[in-house]
Amino acid sequence: MTEATAKVQVIGGGLAGTEAAWQVAQAGIPVILHEMRPIRTSPAHHSQELAELVCSNSFGAMSSDRAAGLLHEELRRLNSIIIQTADKHAVPAGGALAVDRGVFSHQLTQTLATHPLIELRRSEVQEIPSDGIVILATGPLTSPVLAEKLQQFTGMAYMSFFDAASPIIVGDSINRDIAFLASRYDKGEAAYLNCPLNSEQYLQFRDELCTAEQAELKEFERETAKFFEGCLPIEELAQRGEDTMRYGPLKPVGLFDARLGDFRDPENKEKRPYAVVQLRQEDKQGKLWNMVGFQTNLKWGEQKRVFRLIPGLENAEFVRMGVMHRNTFINSPQLLEPTLQFKSRTTLLAAGQLIGTEGYTAASAGGWLAGTNAARIALGLEPIVLPSTMMMGALFEFISSASPKHFQPMPPNFGILPDLPVRIRNKRERYGKYRDRALADLNDCQTRLNNHQKNAVILV
Ligand SMILES: Cc1cc2nc3c(=O)[nH]c(=O)nc-3n(C[C@H](O)[C@H](O)[C@H](O)COP(=O)(O)OP(=O)(O)OC[C@H]3O[C@@H](n4cnc5c(N)ncnc54)[C@H](O)[C@@H]3O)c2cc1C
């Protein structure tokens, strides 16, 4: 097969690339899948198999009224090769979909390598091919040569190589009796929620931060740590001195709860907080809030325990935990359409961790959409946009429309779905309704596609 006869090339045989190549081939289009391993390897991969799981063997919660489980179910109904293979090689893991990783990846490699329309080419791609339909799926550890080319293609400012992200919290779980909406010195629109601490609460919080357990860094992550000098983990700031956080991200100046009176009134001086944790609005609807300056290496369980000591966050529900690790990703809100096509070149698509979705299942979901749309472009059809009421649609809507300035990778979560028409207080029930709506809209989508509404762009 040559590049000209292949019509579609997929670069990267991880979870996203494997799913993408499969979807292209299933649509009857010849495809070349380029995978650099074993010729060249990444600091996290260990084998030469496709779709290697670089760390845990779990795809997350199985139940479809959980965010990961809903994504599994959507992919299952869309004939995802990754989820079909995961189901086939599942191992007992409580409520999670976990797999026998060796058998899982080996089976996928065999399935793709023997597909008559897929050529598996073991080579490092060093340039973005300028012709034909191309899907970039080279993941968080994209080889440096290609990463540089991608940076040239997108523009210097649109690529990140490190992910120093603070936790993201569901807005509904923040106690608004305590947290107050205000911007510093009342400047501009108040897009910050502020959690005030008195001196006793601050000192207790600092003590817990200083002694909380940290995640062990891998060798290549220790290398990376030196790049974070300008962006220190919150636990390190806490250790540097009693007041360091109060002169940094927890600075209380210019922030006052208007419910307590006018901040300019000297009489209200006593009511000013000793320290303030700020949360910045993360999405258009204000359903997700990002803890400002809380990038961290603490273990995830420890983050939940310690951050819930902050007044207002006692019941915080986290959709993403803080991390500091190497992670190559593009600024998708600037660069991509929700079809996963680049705005500047519609025959170039991207998927996986590279576009800023997070986790194995989300990478597979991106592969499904990019593969499906690449095949549609090859067939002369309009690419599809999935309904934003589906977990897949919501993820791609988020990554293509979030604030480009603060863009950070996002895992599947219910906070990114549009509200239900009626507010349901019970969380389990609410998530069940989200699931029912998502699957009904997916069903509708499939019917429309099967009815050969070939040029219909699905927008809900
Ligand atoms: C260290 C680490 C641990 C993680 N642990 C988890 C976890 O436990 N659970 C979870 O859900 N998510 C985890 N993630 C996040 C993410 O879900 C995974 O990285 C996931 O594998 C991403 O899928 P992907 O297809 O985008 O990238 P990958 O699975 O990394 O696939 C990219 C592929 O592209 C190949 N490639 C790169 N450059 C080139 C090139 N120039 N030419 C040809 N091929 C190339 C690579 O060899 C690789 O096979 C982790 C990420 C990292 C970095």
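Worth pointing out:
- Using θ = phi - 60° and Karplus 6.51 cos²θ - 1.76 cosθ + 1.60, couplings along region 285-290 (whole Hz; Gly, Pro as x): 7, x, 8, 10, 10, 9
- Contact order, relative form, for region 335-460: 27 percent (alpha carbon pairs under 8 Å, 6 or more residues apart, mean separation divided by residue count).
- Each of the peptides 13-21, 54-62, 32-40 was scored by the mean count of other Cβ atoms within 10 Å over its residues; in descending order, highest first, they stand as 13-21, 32-40, 54-62.
- For the chain, the Cβ-based charge dipole about the Cα centre amounts to some 620 debye (Lys, Arg positive; Asp, Glu negative; other atoms uncharged).
- Distance from the Cα centroid of region 82-140 to that of region 23-74 is 5 Å (rounded to whole angstrom).
- Pairs of Lys residues in region 165-326 that lie 8 or more places apart, or on two chains, and have C-alpha atoms under 30 angstrom apart add up to 23.
- Listed by chain and number, the aspartates and glutamates whose C-alpha is less than 15 Å from the C-alpha of Lys427, apart from same-chain residues fewer than 8 away, are Asp65, Asp172, Glu317, Asp419, Asp436.
- Summary value for region 313-361: 30 percent relative contact order, contacts being C-alpha pairs under 8 angstrom separated by 6+ residues.
- Expressed as a whole percent, the accessible surface of region 165-326 that belongs to carbon and sulfur atoms is 48, based on a 1.4 Å probe.
- Here Lys88 is the anchor, and the aspartates and glutamates within straight C-alpha reach of less than 15 Å, apart from those fewer than 8 places off in the same chain, are Glu73, Asp100.
- Projecting the Cα atoms of Phe407, Leu117, Gln239 onto the dipole axis of the chain, where Lys and Arg carry +1 and Asp and Glu carry -1 at the beta carbon, places Leu117 farthest toward the positive end.
- Cross-link reach is defined here as a Cα-Cα straight distance under 19 Å, omitting same-chain residues fewer than 8 places apart; for Lys149 the lysines meeting it are Lys343.
- Entry note, the chain: the mean residue ellipticity at 222 nm calculated from DSSP H runs of n ≥ 4, each adding -39500 (n - 2.57), is -10000 deg cm²/dmol after division by the residues and rounding to the nearest 500.
- Probe 1.4 Å, protein heavy atoms only - accessible area per residue of region 165-326 in square angstrom: 51
- Electrostatic tally near Gly102: other residues with Cβ closer than 12 Å to its Cβ, Lys and Arg +1, Asp and Glu -1, net -2.
- The chain: relative contact order in percent, alpha carbon pairs under 8 Å with at least 6 residues between: 21
- Dipole of the chain [Lys/Arg +1, Asp/Glu -1 at C-beta], most positive-end residue of Gln303, Gly139, Thr41: Gly139
- DSSP H segments from the chain that extend 20 Å or more along their own axis, Cα-based, with Kyte-Doolittle mean of -1.0 or above: 360-378
The values are calculated or read from the model by the stated rules, or taken from the named source; none is laboratory data. Keep in mind that this is a model prediction, so the values were computed, not measured. Positions of Cβ are backbone-derived with ideal geometry, glycine not excepted, and every protein chain shown enters the neighbour counts. The protein model used for the area step is the full one, side chains on, heavy atoms only, and it has no ligands, DNA or RNA in it. Shrake-Rupley method; radii C 1.70, N 1.55, O 1.52, S 1.80 Å.
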